[in-house]
Amino acid sequence: MKPIRKAVFPVAGLGTRFLPATKAIPKEMLPVVDRPLIQYAVDEAREAGIEQMIFVTGRGKSAIEDHFDIAFELEKTMSERGKDLSVLEPTRLGPGNCAYVRQQEPLGLGHAIWCARDIVGDEPFAIFLPDEFMHGTPGCMKQMVDAYHKVGGNLISVLEVPHEQVSSYGVITPGAQDGPLTEVRGLVEKPKVAEAPSNLIVSGRYILQPEVMRVLERQEKGAGGEIQLTDAMAEMIGTQSFHAVTFDGARYDCGSKAGYIQANLAVALERPDIAEEVRAFAIDLLQ
Ligand code: G1P
């Protein structure tokens with residue numbers, strides 16, 4: 001079984017739901033308390049043993065590259081002033097640990113992943129959708145990599161949502177269940193509520209075999225006229241093992257404003273330096 005060494009982060013999206021905040025900065029740079037969303041995803045990847053981060057970017061996303069670079073002037077000034085630089089430690093991705101590739105047209109998530117095919121090469125890889133903020137210990141990808149070591153093949157993280165929300169997501173047809181692992185018998189992208197096979201949705205973390213790139217190569221369009229990753233994965237069911245992992249932790253949909261605020265509040269209430277003050281304020285505000 002080949003180890004999971006590489007992760008793809010599709011970050012080319014325009015982030016129109018957060019305008020005007022995202023006019024000049026990528027949505028992935030919006031902070032949850034004091035760390036940008038993309039940093040949480042990279043930290044989650046590192047915790048799972050992943051070494052190379054592949055960002056599929058687009059125009060206007062250079063802040064992400066700057067974030068993971070060495071900020072020479074900042075570091076020099078801070079060290080001259082005797083400031084602690086450890087806070088910057090997780091932001092430094094060395095040249096062997098990151099790669100950037102552009103998705104030139106918004107043709108869909110499947111297309112974004114396919115843009116990384118040459119860097120991924122012939123090995124299994126992880127995918128992170130940074131909007132989906134998965135918060136737990138161990139992290140979601142670590143839980144998935146542990147499951148991968150048991151069953152191999154392809155894995156996706158899933159969670160239950162109220163039935164009326166399934167049309168916003170990829171949905172699985174569940175098979176046999178064994179603890180947090182569920183066999184995936186089918187996958188459909190953004191089904192109508194009445195046609196959805198379950199209320200278990202694909203929640204933004206994937207471990208896939210490289211063969212998925214061969215399917216994506218055909219560039220077939222699916223839901224919304226986009227090249228869908230879900231459709232490519234659906235084709236692999238039956239030819240390769242496919243499991244879903246139910247994440248033991250909390251998930252915040254940071255692609256929505258309410259989810260983003262919830263994530264900020266939840267993380268703030270866990271931070272020893274601000275928790276007490278935030279809690280007192282929240283209680284006061286709600287009364
Ligand atoms: C994408 C995927 C979908 C998944 C969702 C999770 O959809 O296509 O299968 O359930 O992310 O957030 P999008 O949110 O890009 O429409």
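None of the figures in this text is laboratory data; all of them are computed from the coordinates on show. Here the structure is a predicted model, which means the values were calculated and not measured. All Cβ positions, even for glycine, are placed from backbone atoms using ideal geometry, and neighbour counts span all protein chains on display.
Here the stretch 157-181 is the region considered, the condition is being crowded, with 18+ Cβ neighbours inside 10 Å and among the hydroxyl-bearing types (Ser, Thr, Tyr), and the residue that is farthest from the ligand (Cβ to nearest atom) is 157.
Once the stretch 175-201 is narrowed to residues that are touching a Pro at 6+ places or on another chain (Cβ under 8 Å) and not hydrophobic (A, V, I, L, M, F, W, C), the residue that is nearest to residue 222 (Cα to Cα) is 191.
Here residue 260 passes the criteria (1) farther than 21 Å from residue 141 by Cα; (2) part of a helix (DSSP H, G or I); (3) among the hydroxyl-bearing types (Ser, Thr, Tyr) except the one numbered (1). Starting from residues that are near the ligand (Cβ under 9 Å from one of its atoms) and part of a helix (DSSP H, G or I), keep the ones in the stretch 182-232 and report whichever is surrounded by the most Cβ atoms within 10 Å (Cβ to Cβ). Only one residue fits best here, namely 229.
Would you mind stating whether residue 47 is under 26 Å from residue 263 (Cα atoms), surrounded by 15 or more Cβ atoms within 10 Å (Cβ to Cβ) and away from the ligand (no atom under 16 Å from the Cβ)? Yes.
Of the residues that sit in the stretch 233-261 and are within 14 Å of the ligand (Cβ to nearest atom) and hydroxyl-bearing (Ser, Thr, Tyr), which one is nearest to residue 201 (Cα to Cα)? By that ranking, first place goes to 252. Given the structure, is residue 103 within 14 Å of the ligand (Cβ to nearest atom), over 28 Å from residue 192 (Cα atoms), within 19 Å of the chain's Cα centre (by Cα) and surrounded by 19 or more Cβ atoms within 10 Å (Cβ to Cβ)? For residue 103, the condition - within 14 Å of the ligand (Cβ to nearest atom), over 28 Å from residue 192 (Cα atoms), within 19 Å of the chain's Cα centre (by Cα) and surrounded by 19 or more Cβ atoms within 10 Å (Cβ to Cβ) - is met.
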